[in-house]
Each structure stands twice: as structure tokens, then as C-alpha cells.
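The values are calculated or read from the model by the stated rules, or taken from the named source; none is laboratory data. All figures in this text were calculated on a predicted structure; none of them were measured in a lab. For neighbour counting, all protein chains shown are included, and Cβ atoms are generated from backbone atoms with ideal geometry for every residue, glycine included. Accessible surface is based on the protein model in full, side chains and every heavy atom, while ligands, DNA and RNA are left aside. Shrake-Rupley method; radii C 1.70, N 1.55, O 1.52, S 1.80 Å.
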Amino acid sequence: MPLWRTKSNHSQAGSESDPKNDPAVSASQAAGTAWLKGHPNHLTEEQEKTLHEFKKLCEENGYYKSVDEKGKPSHDDATMLRYLRARKFDLNGAWGQFKDTEEWRHENAIESLYENIDVDSYEAARRMYPQWTGRRDRRGIPIYVFEIRHLHTKNMAEYNSTMTSSTATADSHQSSKVPQRLLRLFALYENLLRFVMPMCSQLDRPNPEAPIVTSTNIVDVSGVGLKQFWNLKGHMQDASVLATAHYPETLDRIFIIGAPAFFPTVWGWIKRWFDPVTTSKIFILSASEVKPTLSSFMDVSSIPKQYGGELDWQWNDMPNLDEPARELLRPLETPPSEGESKPGFIKGPVLFKGDHIEILGKLNGQSRKSTIPVPPSSSSSKTFDSPSQEDHPPQYQESPKSDDTPTSTSTTTTAVETTAENNTDRSTDGETTATSTTITTENEKVGAERVANGDAATAPAQTVTA
């Protein structure tokens, strides 16, 4: 068995004569509620019954708890339904994939990996795979962009060189036989699953009764030659096979743009990495189809400028949040880099837990584990063009990004000191968590000066129960 794939066969080869998918038909389906079939609160009686039987089967075999030590199910219905939808509600098929994934997560200590991964290693990996723009489509689904041309030989060599030091591998995985490149990829998928999706689920959207469990991807293959495609075959296959095996039903759409004349040849072997259901979600767009198709799924303000939209976002940028997301995640934004007008964003692994955010990962071998409360949501009554003192939680200051190289500079994450006192708050279970504090104009100036001089105070680490 390969080191990280499933023990069972969870994918099927697509047919050689798959017709080109129609983006207009897909957009029409997305505009209604048909896409929600099989999601929570959109189940038929038969699907409800199958879900009940699935949870019972998993619990009888020790892979699921209807009530855990926190008084909640070990897995929510949205997660369980992903496996059922992936197997077309075939109980045995879903059970086989769920069992394989739970064993894979245990064998590879996935949660520990995400908690302990080196921040610089995580950032280097983030630059090599699809990146969240900070925006969502009209249904609230996060939008990712993957620009293949940047993964040329030089950048790939530089990325591979970041895996040689002992700090590149999480302490918990020093003895792991799984290649470093795959461990990093696992962490990126965890960020999608445990940070981006739950955060998007908390924001206003047309169907709040169904949690967000998928992502939309714009894959830009312009300027890529056949040789580069071939050299990147393994790199891209890692991600696609992993998604099919252990993160089923997390893809909503893939829009491939800038396809060269030889792309049908490339597509012939790429589509074998996916099952037929997944290939039905992939749309190869001509130049004239790009803007009309993207704008049928998402607002122009959420489409990057290079694809005909208005969003100021380039490859390797950190997320450029929309206002509702910024309201929740403002504590994670960093002051703009020199010459930039938009704020940056904290690097490394983060969890979104509804009422608080957990900052994970290690810097220079030291854990930065801490908790930040999520600001109270009041998007209907607040704007953030000119935030007041009360609306301005602590920000993080990080090293400036490089323009196109996959390796990151040594990342130093610090919190701007906001008051003369170190205010803390006790949560109901006795854990100490950081609280938002009011920043006076004078303190903000002093904090900015300290950051510029490299003297900003590091946020104290808090022990958090995941």
C-alpha cells in the first residue's frame, strides 16, 4: 500500500470520450438549490435513514461517537454526508472510505501535524498549491487560485531545498516514513477543512442551514509548456489523489483557464486522477468564456483583476478578505507591508472554532499556540472602512513576503502591544484566553514604532484544547 493513499479503491477512471462540461448549465444549477441535495437539511427520507445507519455502523465499529467527552458527536453530519455523497449514499462504500480515512488520520497523526508544523515550512508549501484569495462565491464557497506557471524548475528546486533541515519536519513526525512534501500537503488540506470552511460557514450566505464543505478553484495554466506539465505531474497528482482518497466532496468547481492548444493531451492523463463525479465539476474555459463564466458564480469584486474582475490579489498574496470575513478575522490581519495599501494576514496553521481562533504551529522550534476571541458579529450595523478603537483587536506583524520565490524568509510573528496592561480572561473551563483590548491612538503609534524597530512584544502562548 502506498504511504498515504487508501487501502480501498475510491476512484474510477473517467471515460476517454467525456464531453466538455457546460458552464452555463452548471451556473444555472448553482443559482438554485439543486447543488444542496445530500447536504444537511436537504436530505430525502431515504438519505436521512442511510445517514442514521451510517453513523450507527461507524459507532459500532469504534470510528464514531454520537456523544464525545465534550457532549457533541465526534463528527458532524456535514462531515459524515461528504462520505455518503462521494459513494452515492452506498452505505458499505461510504463506510470503507470513512474507515480508511480515520485510520490514515490516526497513523499519520494529522491533528498533531497541523498543530506542530513549522510556520516557515507551512508557508513554503502554501506557495506551491492552490491559494485562498480571501473571497467567496455567491453561495459562500471559498475561492482558491492555482497559477501553474510559477511552479517552474527553479522554484520547485528551491521548494525542495526547504525540506532538508531538521526543523522542516514537525517534532511529532521526525520518525515518519511519509515524505516531507506530503506531510506539508496534509497540513494545507487541514487548513481548508478546519479553518477556511468553518469560518465561511459562520458568514451570511443564501443557505446558512447547510455548512460550507467545498471550495471553488481557478486553475490558470497559461504560459505552461508541455515539458513543465510533465515535470509537475507528480506534484499535482499528489494533491488530486489525496483529495479523492481522504477529503471527499470538498471540491465544488474547477475552472481551467489559459489552456494551450496541446492541453487535450494533458487532460487525457490528468482526468484519470479523478473519479467521474469530480471530472464533471471541471470546466475548461476559452478566453472569451472566462469572465462571463466566473461572474455567473461570483461577484466581479471577488474575481482577481487578471481574470477580468476587480479584486486586488496576485499569486502568493495572502487572503484579501471581504468585509464580512474581515469582521471575524481582523485579529489575524497584519499591518500592510511597505508600499502596500491592503493588510496582510498571519502565516501558518490556524483553527476557526466559532467563538475563538486558535493559532498553531512552531516558530524557531517554539510553539506559538494561542487563542484569540472572535469579535462579536454585527455586520448589519458596522462598517470597517475606518475602524474605531473598540473595533480594532490586536494585529500580527510578520516579515514581508517575497515576490515569486517559494521559500519564505524567517517568519517572526508578533502581536502589537495594545495596552500597558496584559489583560486576560477566564473562559468557562478555566483556560486562559487572550481578550480584545482597546487601542488608543498614542498606543497604536508606539506599537507601530516598536514593530518597525523589531521590538514588538511576542504574544504569550496559551494552552488550548483542540
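To keep it simple, each residue is scored yes or no on (1) surrounded by 15 or more Cβ atoms within 10 Å (Cβ to Cβ); (2) of a type in the set (A, V, I, L, M, F, W, C).
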{"site": "Glu289", "(1), (2)": "yes, no"}
{"site": "Leu294", "(1), (2)": "yes, yes"}
{"site": "Trp313", "(1), (2)": "yes, yes"}
{"site": "Glu323", "(1), (2)": "no, no"}
{"site": "Glu327", "(1), (2)": "yes, no"}
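Kindly indicate whether Lys154 is surrounded by fewer than 16 Cβ atoms within 10 Å (Cβ to Cβ) and in a helix (DSSP H, G or I).
Details: surrounded by fewer than 16 Cβ atoms within 10 Å (Cβ to Cβ): yes; in a helix (DSSP H, G or I): yes.
Taking the combined requirement at face value, the residue satisfies it.
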Can you find a residue in the range 69-80 that is in contact (Cβ under 8 Å) with a residue 60 or more places away in the chain and open to solvent by less than 70 Å² (accessible area, probe 1.4 Å)?
-> yes
Looking at Leu294, Leu321, which one is touching a Leu at 6+ places or on another chain (Cβ under 9 Å), in contact (Cβ under 8 Å) with a residue 24 or more places away in the chain and more than 27 Å from Arg85 (Cβ to Cβ)?
-> Leu321
Scope the range 306-351; condition in a strand (DSSP E or B) and among the hydrophobic types (A, V, I, L, M, F, W, C); matching residues = Leu311, Phe345, Val350, Leu351
Output for the range 216-238, where each listed residue is within 28 Å of Arg136 (Cα to Cα), touching a residue at least 40 places away in the same chain (Cβ under 8 Å) and not hydrophobic (A, V, I, L, M, F, W, C) | Thr216, Asn217, Asp220, Ser222, Gly223, His235, Asp238
Any residue at all in the range 122-132 that is surrounded by 20 or more Cβ atoms within 10 Å (Cβ to Cβ), in contact (Cβ under 8 Å) with a residue 24 or more places away in the chain, among the hydrophobic types (A, V, I, L, M, F, W, C) and assigned to a loop (DSSP other than H, G, I, E, B)?
-> yes
Output for Cβ contacts, cut-off 8 Å, separation at least six or different chains, first residue outside any helix (DSSP H, G or I) in the range 87-110, second charged (D, E, K, R) and crowded, with 19+ Cβ neighbours inside 10 Å, reads none
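Yes/no matrix, rows are residues, columns are (1) part of a helix (DSSP H, G or I); (2) in contact with a helix residue (DSSP H, G or I) (Cβ under 6 Å, 6 or more places away or on another chain); (3) open to solvent by 40 Å² or more (accessible area, probe 1.4 Å); (4) within 18 Å of Thr33 (Cβ to Cβ):
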site: Ala187; (1), (2), (3), (4): yes, yes, no, no
site: Asn191; (1), (2), (3), (4): yes, no, no, no
site: Val196; (1), (2), (3), (4): yes, no, no, no
site: Met199; (1), (2), (3), (4): yes, no, no, no
site: Arg205; (1), (2), (3), (4): no, no, no, yes
site: Val213; (1), (2), (3), (4): no, yes, no, yes
site: Asn217; (1), (2), (3), (4): no, no, no, no
site: Val224; (1), (2), (3), (4): no, yes, no, no
site: Phe229; (1), (2), (3), (4): yes, yes, no, no
